[in-house]
Amino acid sequence: MVVGNYDDGSQRDLTGAETGTTYDSDDPAIATVDENGQVSAVGNGTTTIAVTNGTETATVVVLVQMPTDLSVVQDPVTESVDPGAELAYRLIITNLGAETAREVQVEDRLAQGSSYVSASGSGWSCIEAGGVVSCYRPELGGGASAPIDILTQAPTQAGPTSNTAAVRSGVEDGNTGDNVAVQSFQVGETDNADVDGNGAADALSDGLLIIRRLFGFSGAALTDGAVGSGCTRCDPTAIAAHIDQIQEGLDVDGNGLTDALTDGLLIIRYLFGFSGTALTDGAVGAGCTRCTAEEISAYCATLVP
Ligand SMILES: [Ca+2]
Ligand SMILES: [Ca+2]
Ligand SMILES: [Ca+2]
């Protein structure tokens with residue numbers, strides 16, 4: 001709003017174009033101003049708006065910071081790693097917006113129990129403290145990507161774990177849904193469907209062993225004609241113990257129970273190469289958390305070594 005102060009002490013609203021006030025932006029690439037003084041942000045930076053009425057001119061400095069859209073992805077996505085082994089991955093930070101993002105900060109919370117080795121990337125300054133890698137760069141141009149390479153030593157204790165990377169900047173992010181990337185992975189032996197341990201998951205050996213065990217079979221009734229050649233787990237006692245141990249991971253439909261006629265059937269069908277409704281028909285347990293053929297296929301794929 002523009003107010004005219006007159007010699008007689010009165011004030012008048014001189015905002016509208018009809019009052020003779022004119023507006024001019026010093027740099028229309030940063031902000032434009034219309035005939036009624038409405039300022040629109042165009043690009044990042046600082047410009048001056050001049051307001052003139054008769055012989056009087058006032059100026060207003062305008063700082064424009066357009067919203068940005070930073071994203072982070074982890075690459076490659078590691079699924080499993082040996083305890084204490086080197087674990088290297090890359091965080092790719094991308095500015096999906098058109099404008100330069102300033103004061104860009106990345107935090108990578110390392111997997112619990114892992115040890116930090118190094119973090120670096122062109123244009124980034126990185127430090128590590130307390131299992132969190134923090135990287136900073138003053139700016140990242142619109143459309144640009146800047147990777148950070150992180151090297152750690154995996155936890156020495158086996159089990160599932162994850163690391164979480166997040167990016168933010170000094171200005172608003174138009175889409176915060178892509179500002180965090182979580183990488184979940186398994187340290188140590190991954191539960192998989194190769195229960196006879198011959199290096200491959202096969203329907204007529206491993207699949208059959210799993211479904212028989214889930215039916216409660218043991219001894220020869222478990223293993224007869226169903227142990228793959230090249231097995232490293234060959235006798236019924238070892239195979240039964242192993243299947244019992246990984247049972248939780250065989251809950252393919254994710255309903256908290258591992259059953260022969262749902263999970264067992266899904267695994268054997270998957271190992272036979274079935275997909276779509278041929279995979280899932282009549283075999284998805286009540287209370288499933290993985291219910292569609294796509295979800296079940298994706299999960300079964302993680303059971304194949
Ligand atoms: Ca974003
Ligand atoms: Ca096998
Ligand atoms: Ca189940």
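Odds and ends about this structure:
- Available extension along the chain between A98 and S134 is 10.5 nm, counting 0.36 nm per residue and deducting the alpha carbon span.
- Residue exposure sequence - Y270, Y89 - by fewest surrounding Cβ within 10 Å: Y89, Y270
- Rounded to whole Hz, the Karplus (6.51, -1.76, 1.60) HN-Hα couplings of the range 42-47, x for glycine and proline: 10, x, 5, x, 10, 9
- Per-residue Cβ neighbour rank within 10 angstrom, fewest leading, V73, V284, V2: V73, V2, V284
- With Cα atoms, 0 to 90° folded angle of helix 293-302 axis to the chain main axis: 70 degrees
The numbers here are math on the coordinates, done by the rules we state, and not lab data. Here the structure is a predicted model, which means the values were calculated and not measured. So basically every Cβ, Gly included, is an ideal-geometry build from the backbone, and we count neighbours across all protein chains shown.
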